[in-house]
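Read the structure below first, then the notes.
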Amino acid sequence: MELSDGINVVGRNQAACNVHIDQHSVSKLHCLIVERSGKYTLRDLDSTNGTTVNGLPVRECSLRVGDYLGFGPHVIVRFACGVAETAAMSDDHTGRVPMMVHHV
């Protein structure tokens, strides 16, 4: 999955989100990741299971290299130099499903 310049919509709704995460704990429209001049801001969209940064619930915050973003309880993303490395826990919680998110 790729982050584009400007506004990125993160969520489960494939038609409405350019960052699609197919996990039941992720809301259809979960959050926005906005890029402006190389700086990133995350804004939760009143998601059902919430959004966290470094384990703390957030409504809106600036992102820094190395931050861990949580989209509900089962999807964790490590944000690094315009790249977010993602691991989503499997539904049975026994393993991890690797995904990559790249900034273009």
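Specify the residue that is surrounded by the most Cβ atoms within 10 Å (Cβ to Cβ); the eligible residues are those in region 42-78 that are small (G, A, S) and in a loop (DSSP other than H, G, I, E, B).
Initially, region 42-78 is screened for residues small (G, A, S), giving 47, 50, 55, 62, 66, 70, 72.
Checking the rest, the ones that are also in a loop (DSSP other than H, G, I, E, B) come to 47, 50, 55, 66, 72.
Details: S47: 19, G50: 18, G55: 8, G66: 10, G72: 21.
Ranking the qualifying residues of region 42-78, first place goes to G72.
Of all residues in region 79-104 being of a type in the set (A, V, I, L, M) and open to solvent by less than 30 Å² (accessible area, probe 1.4 Å), which is modelled with the lowest pLDDT? If you could, list the steps in order and put the result at the bottom.
Of region 79-104, the ones of a type in the set (A, V, I, L, M) are 80, 83-84, 87-89, 97, 99-101, 104.
If we keep only those that are open to solvent by less than 30 Å² (accessible area, probe 1.4 Å) as well, we get 80, 84, 87-88, 101.
Details: A80: 68, A84: 52, A87: 51, A88: 49, V101: 46.
Ranking the candidates gives V101 first.
How many residues, within region 1-41, are open to solvent by less than 60 Å² (accessible area, probe 1.4 Å), aliphatic (A, V, I, L, M) and farther than 14 Å from L63 by Cα? It would help to see each step written out before you state the result.
Step one: filter region 1-41 for residues open to solvent by less than 60 Å² (accessible area, probe 1.4 Å), giving 3-4, 6, 8-11, 13, 16-17, 19-21, 23, 25-27, 30-35, 38, 40-41.
When the remaining residues are screened for being aliphatic (A, V, I, L, M), the result is 3, 9-10, 16, 19, 21, 26, 32-34.
In the following step, the residues that additionally are farther than 14 Å from L63 by Cα were identified as 9-10, 16, 19, 21, 26.
Number satisfying all stated conditions: 6.
The values are calculated or read from the model by the stated rules, or taken from the named source; none is laboratory data. This is a predicted model, so every value here is computed, not measured. Counting neighbours? That spans all protein chains shown, and the Cβs are built from the backbone with ideal geometry, glycine included. The area values use the complete protein model at the heavy-atom level, side chains included, leaving out ligands, DNA and RNA. Shrake-Rupley method; radii C 1.70, N 1.55, O 1.52, S 1.80 Å.
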